[in-house]
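Written below as structure tokens is the structure these notes are about.
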Amino acid sequence: MKMTAEREIAATPQEVWAALLDPEVLKACVPGCQEMSGSAEDGFEATVVQKVGPVKATFKGGVTLTDMVVPEHVTITGEGKGGAAGFAKGGADVRLTPSETGTTLSYDVEAKVGGKLAQLGSRIIDGFAKKMADQFFERFQQAVEGPGEEAVDADPDATSDEKKKGWLKRLVS
Amino acid sequence: MPKDSGIGASPKRREDVRFLTGKGQYTDDINIHGQAYAHFLRSEVAHGTINGIDTSAAASMPGVVQILTAKDFEGVGGVPCGWQVTDRHGEAMQEPKHPVLAEGKVRHVGDPIAMVIADTLEQARDAAEAIDVDITELEPVMDMKAAIKDGATKVHDDLISNLCYDWGFVEENREAVDEAIKSAAHVTTLELVNNRLVANPMEPRVAVGDYAPGTDDYTLYTTSQNPHVIRLLMGAFVLGIPEHKLRVVAPDVGGGFGAKIYHYAEEAACTFAAKQCGRPVKWTSSRSEAFISDAHGRDHVTKIELALDADHKFTAIRTDTYANMGAYLSTFAPSIPTWLHGTLMAGNYTTPLIYVNVKAVFTNTTPVDAYRGAGRPEATFQLERVIDKAARELGVDPADLRRKNFIKPDQFPYATPVAVEYDTGDYDATLDKGMEMIDAAGFEARAAESKAKGKLRGLGIAHFIEACGIAPSNLVGQLGARAGLYESATVRVNATGSISVMTGSHSHGQGHETSYPQVVAEMLGIDESMIDIVHGDTSKTPMGMGTYGSRSIAVGGSAMVRATEKIINKAKKIAAHLLEASEADIELKDGAFSVAGTDKSVAWGDVTLAAYVPHNYPLEDIEPGLEETAFYDPSNFTYPAGAYICEVEVDPETGKVDVLKFVAADDFGNVINPMIVYGQVHGGVAQGIGQALLENCAYDENGQLLSGSYMDYTMPRADDLPMFDVDHSCVTPCTHNPLGVKGCGEAGAIGTPPAIVNGVIDALHRAGHTHVSHIDMPLTPARVWAAMNG
């Protein structure tokens with residue numbers, strides 16, 4: 001499946017870029033991410049727990065960043081193996097362009113699933129992938145900007161003081 | 001008055017008592033002391049190179065007994081193909097190796113890579129997750145036409161291409177057919193897809209392998225339609241075990257529909273592993289595994305042209321088909337689109353010139369083989385659809401166009417231009433009967449009622465012929481079969497007169513335990529309850545070929561008749577001795593032997609007792625005992641035929657199709673048990689409606705199976721089906737078998753799909769959607785709506 005979308009982020013392209021390459025930010029933003037290690041240069045190792053329709057599985061896999069043009073473009077590709085549940089893999093072409101309010105982040109995402117995930121979940125995989133992408137970029141936007149007053153906080157354990165800052169700013173402060 | 005016993009009666013199915021009370025003994029009910037459980041790690045990608053398989057972590061996990069991969073099967077043969085097709089240039093088909101476990105490459109989602117054997121199934125599954133398989137994905141070969149273009153990625157690197165064979169039939173007619181089409185008054189052309197199906201028997205496949213080191217005997221318990229065929233293929237071609245050291249048992253089997261004919265890798269793997277690990281090894285397929293490892297059915301892409309003269313007589317048929325073989329050749333796969341398909345392209349009609357071209361293609365999908373009907377539904381569908389289209393184009397009644405071209409009763413035996421000779425039939429009779437049953441005269445009034453409700457009603461007509469009981473062996477040998485196609489029966493009369501009949505055919509839902517005794521009881525004049533049928537065990541039954549292709553009663557029943565005739569002949573000799581009369585004067589009636597024209601008689605039980613307690617017995621002339629075996633090799637196929645007619649209603653708002661009425665008027669020749677025949681037709685029609693409206697096996701472009709569960713693979717349910725009106729009162733008995741029977745198992749699945757599609761097209765045309773000449777199956781609401789609004 002394929003999808004394309006864009007999102008306005010109230011931060012400079014440099015700030016957005018830094019966040020994109022930060023494993024802690026990625027860990028916080030990837031829905032269901034349990035572990036994330038590595039670096040932008042060497043690639044990341046990730047463990048993600050997700051439920052796709054009737055199939056719940058722990059996916060272990062790698063994420064690599066290629067075609068990096070600071071701070072304009074990066075291609076993120078990843079593949080996760082879910083054991084008996086099958087596999088998921090995909091890529092996102094992410095482009096950052098300066099805008100009046102900060103940065104326009106646009107992305108083309110392509111996702112594939114295989115094995116039992118495809119057998120059981122093909123009918124719902126498009127909706128699932130869209131939800132995953134939406135959640136990721138929603139969280140990513142919050143991480144970069146800090147939550148707006150209306151925003152739902154994805155990290156209920158955080159102290160109220162911390163909530164005022166974006167996750168990125170917390171991490172770098 | 002209907003009979004209450006013997007041929008033509010409808011005793012209730014005796015096997016149903018155990019099936020319906022949970023007392024059946026299916027393969028999964030068989031548990032052997034000390035057995036271990038197998039789980040197969042299967043490929044998740046459609047096509048890839050195996051760089052390495054690391055089983056070290058898995059091997060040390062709790063309960064793991066052994067892990068087998070391709071290297072453990074070095075020295076073992078591949079899974080064999082049972083039919084070699086010769087192409088139109090006289091060359092043998094391309095036949096790739098089919099290793100038991102994937103060797104070097106994986107070629108479809110579900111291709112087994114490793115076999116994990118553990119103390120429990122859960123442990124085997126857990127360990128399989130710990131196996132690290134390093135695979136480099138390759139481009140999957142999915143589209144048949146693209147697959148045989150130059151430079152296409154190959155499924156099998158050692159083959160010349162993905163083309164298994166390019167078959168022409170009858171090749172000598174090719175140019176004459178081309179000429180006839182060029183010079184025809186009218187040519188109707190239709191392109192269509194015969195959708196890929198998954199058989200989905202209620203019971204998934206199971207295999208239990210056992211090995212006795214003390215005697216070097218192997219036993220395989222398996223969900224098979226033909227245990228002797230499995231013994232032959234697995235023993236001779238895969239594992240190198242001679243027949244006397246290999247017993248194959250197929251006990252109660254819960255449905256087959258073709259998918260349990262074939263020898264599967266899992267059977268060989270479990271048998272092989274039982275010796276390797278010193279324990280019985282059991283594998284039970286999950287439903288998810290069944291979707292990716294049971295052979296699929298159909299999957300043809302076809303263009304058919306029908307030429308007619310000015311008088312609307314059919315003058316020629318040319319048909320080009322791409323037939324999907326999947327990734328490997330399943331046991332009988334090559335024969336399905338060729339000899340079981342091309343030979344039926346004459347249908348019920350006098351078309352003098354026919355040319356059939358079939359290109360069989362390897363793709364990165366699960367292997368495809370026979371599914372209920374097997375080639376004959378594909379032939380019937382294209383023929384009955386193109387005739388319907390021709391009738392619409394010519395503005396003539398589709399029933400009349402069929403009648404005009406039917407082979408007439410006085411033309412039998414009728415040699416078709418596609419190499420078969422129909423022995424008998426009366427197609428006008430079945431079509432007339434079907435039209436009467438559907439009340440065709442009242443159709444317009446019902447169509448008006450539907451219209452008043454905002455619905456579109458259509459009348460769908462199809463007439464089919466099939467060839468059952470594929471035979472004779474010497475002919476099928478010439479056509480490429482690597483097996484004989486006779487059937488066997490042993491009639492063992494016991495001392496007290498009860499009888500065990502051992503048949504080489506196999507019941508997996510057909511009701512053999514009920515209908516076979518009706519035949520033997522009728523011949524001997526004794527009660528059916530004195531007769532039991534034994535099947536499904538190579539150690540108990542004579543070598544037989546099993547059950548598929550609607551062959552049991554026509555071939556297996558005939559063998560039983562021949563064996564029973566031998567019993568009668570010998571019993572008459574014994575009776576003559578006991579009655580001190582001439583053998584020629586002995587008559588058998590109602591279970592007693594009498595001397596013609598006298599009141600002297602001796603009961604069945606007295607004769608059978610004398611055979612085993614031969615105190616007063618002609619020992620100098622005949623041996624003691626009363627047991628006879630016969631092998632029956634038919635001289636021809638049988639040719640059931642019938643009219644399948646339906647009324648459908650299309651909802652123009654949604655495109656949903658409802659089947660309101662469905663009638664089947666079949667000529668099955670003589671019928672042994674009408675109730676069982678009704679049931680066979682009902683089941684076949686349900687599967688035919690499933691194919692026409694609901695079922696579709698779908699892959700994505702990456703070779704992932706999208707319809708891998710019942711959430712997405714739509715099986716027909718009771719509320720999708722109308723009440724069926726089924727008749728088999730039109731009877732032209734088969735002329736060449738002793739029972740005059742033809743076979744009924746596949747008829748419903750053959751005749752139904754074109755009837756349904758013809759009905760929907762009729763409904764759309766009546767409503768003015770005349771631009772819709774065809775919709776590919778399944779006719780889902782989305783497809784019908786799109787066609788109407790396209």
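The values are calculated or read from the model by the stated rules, or taken from the named source; none is laboratory data. A quick note: this is a predicted structure, and the numbers were derived from the prediction, not measured. Note that we place each Cβ from the backbone using ideal geometry, even for glycine, and neighbour counts take in every protein chain shown.
Things worth noting here:
- Of all the listed residues (B:Gly24, B:Gly63, B:Gly48), the sole one being in contact (Cβ under 8 Å) with a residue 12 or more places away in the chain, surrounded by 15 or more Cβ atoms within 10 Å (Cβ to Cβ), in contact with a strand residue (DSSP E or B) (Cβ under 9 Å, 6 or more places away or on another chain) and within 14 Å of another protein chain (Cβ to nearest Cβ) is B:Gly48.
- Taken together, B:Glu289, B:Glu243 contain a single residue that is among the charged types (D, E, K, R), within 30 Å of B:Asp216 (Cα to Cα) and not assigned by TED's automatic domain parsing to the domain that holds B:Met711, which is B:Glu243.
Here's the yes/no breakdown for (1) among the aliphatic types (A, V, I, L, M); (2) under 24 Å from B:Glu384 (Cα atoms); (3) surrounded by fewer than 23 Cβ atoms within 10 Å (Cβ to Cβ):
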residue	(1), (2), (3)
B:Glu421	no, yes, yes
B:Phe443	no, yes, yes
B:Ala448	yes, no, yes
B:Lys455	no, no, yes
B:Ala462	yes, yes, no
B:Cys468	no, yes, no
B:Gly480	no, no, yes
B:Met523	yes, no, yes
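- Filter result for the condition that a residue is in contact (Cβ under 8 Å) with a residue 12 or more places away in the chain, within 20 Å of B:Lys313 (Cα to Cα) and over 33 Å from the mean Cα position of the chain (by Cα), over B:Glu384, B:Glu393: B:Glu393
- Here B:Phe314 fulfils each of the conditions (1) surrounded by 24 or more Cβ atoms within 10 Å (Cβ to Cβ); (2) under 30 Å from B:Lys105 (Cα atoms); (3) away from chain A (no Cβ under 14 Å) apart from (2).
- Qualifying residue in region B:425-439 (condition: assigned to a strand (DSSP E or B), surrounded by 20 or more Cβ atoms within 10 Å (Cβ to Cβ), in contact (Cβ under 8 Å) with a residue 24 or more places away in the chain and of a type in the set (D, E, K, R)): no
- Across region B:286-310, the qualifying residues are those that are of a type in the set (S, T, N, Q) and within 14 Å of chain A (Cβ to nearest Cβ), and the one among them that is surrounded by the fewest Cβ atoms within 10 Å (Cβ to Cβ) is B:Ser286.
Condition check ((1) among the β-branched types (Val, Ile, Thr); (2) more than 25 Å from the chain's Cα centre (by Cα); (3) more than 21 Å from B:Asp157 (Cα to Cα)) across all residues:
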| residue | (1), (2), (3) |
| --- | --- |
| B:Lys3 | no, yes, yes |
| B:Glu15 | no, no, yes |
| B:Lys23 | no, yes, yes |
| B:Tyr26 | no, no, yes |
| B:His47 | no, yes, no |
| B:Ile50 | yes, yes, no |
| B:Trp83 | no, no, yes |
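- Residue satisfying all of: in region B:680-723; among the charged types (D, E, K, R) and more than 14 Å from chain A (Cβ to nearest Cβ); nearest to B:Arg42 (Cα to Cα) among these: B:Glu695
- The selection criterion, being out of contact with any Cys (no Cβ under 8 Å at 6 or more places or on another chain), part of a strand (DSSP E or B), crowded, with 20+ Cβ neighbours inside 10 Å and within 14 Å of another protein chain (Cβ to nearest Cβ), does not hold for B:Ile135.
- Subset of region B:679-710 (residues that are under 22 Å from the mean Cα position of the chain (by Cα) and acidic (Asp, Glu)): B:Glu695
- Residues in region B:390-419 that are of a type in the set (D, E, K, R) and surrounded by fewer than 20 Cβ atoms within 10 Å (Cβ to Cβ): B:Arg392, B:Glu393, B:Asp397, B:Asp400, B:Arg403, B:Lys404, B:Lys408, B:Asp410.
- Filtered by the rule that a residue be among the small types (Gly, Ala, Ser) and part of a strand (DSSP E or B), region B:165-203 gives a lone residue, B:Gly168.
- Residue check for A:Pro31: assigned to a loop (DSSP other than H, G, I, E, B) and under 25 Å from A:Asp126 (Cα atoms): yes
- Listed conditions (1) modelled with pLDDT under 90; (2) loosely packed, with under 15 Cβ neighbours inside 10 Å; (3) more than 10 Å from chain B (Cβ to nearest Cβ) are all met by A:Gly78, apart from (2).
- Single unsatisfied condition, B:Ala114 versus (1) part of a strand (DSSP E or B); (2) of a type in the set (A, V, I, L, M); (3) more than 14 Å from chain A (Cβ to nearest Cβ); (4) crowded, with 19+ Cβ neighbours inside 10 Å: (3)
- Positions within region B:630-689 being touching a helix residue (DSSP H, G or I) at 6+ places or on another chain (Cβ under 8 Å) and of a type in the set (Phe, Trp, Tyr), in sequence order: B:Phe631, B:Tyr632, B:Tyr644, B:Phe662, B:Phe668
- The listed residue being acidic (Asp, Glu) and under 30 Å from B:Ala333 (Cβ atoms), out of B:Asp633, B:Asp599: B:Asp633
- All positions within region B:733-772 that are in a loop (DSSP other than H, G, I, E, B) and either crowded, with 24+ Cβ neighbours inside 10 Å or charged (D, E, K, R) (or both): B:Cys734, B:Asn737, B:Lys742, B:Gly743, B:Cys744, B:Gly745, B:Glu746
- Looking only at region B:687-734, residues that are among the hydroxyl-bearing types (Ser, Thr, Tyr) and without any contact (Cβ under 8 Å) to a residue 40 or more places away in the chain come to 0 in all.
- Residue in region B:368-390 that is under 30 Å from B:Gln704 (Cα atoms), part of a strand (DSSP E or B) and β-branched (Val, Ile, Thr) present: yes
Table: residues versus (1) surrounded by fewer than 22 Cβ atoms within 10 Å (Cβ to Cβ); (2) more than 14 Å from chain B (Cβ to nearest Cβ); (3) at pLDDT 85 or above.
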| site | (1), (2), (3) |
| --- | --- |
| A:Pro54 | yes, no, no |
| A:Val74 | yes, yes, yes |
| A:Gly82 | no, no, yes |
| A:Ala92 | yes, yes, yes |
| A:Leu96 | no, yes, yes |
| A:Leu105 | no, yes, yes |
| A:Glu110 | yes, no, yes |
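- Residue match in region B:142-163 (condition: more than 25 Å from B:Thr319 (Cβ to Cβ), among the charged types (D, E, K, R), within 14 Å of chain A (Cβ to nearest Cβ) and surrounded by 15 or more Cβ atoms within 10 Å (Cβ to Cβ)): no
- Of note, B:Ile775 does not satisfy the criterion of being within 20 Å of B:Pro652 (Cα to Cα), away from chain A (no Cβ under 14 Å), crowded, with 24+ Cβ neighbours inside 10 Å and over 23 Å from the mean Cα position of the chain (by Cα).
- Of all residues in region B:326-335, those being in contact with a Pro (Cβ under 7 Å, 6 or more places away or on another chain) and not in a loop (DSSP other than H, G, I, E, B) number 2.
- Odd one out for B:Val476, checked against (1) surrounded by fewer than 22 Cβ atoms within 10 Å (Cβ to Cβ); (2) assigned by TED's automatic domain parsing to the domain that holds B:Pro733; (3) out of contact with any Asp or Glu (no Cβ under 8 Å at 6 or more places or on another chain): (2)
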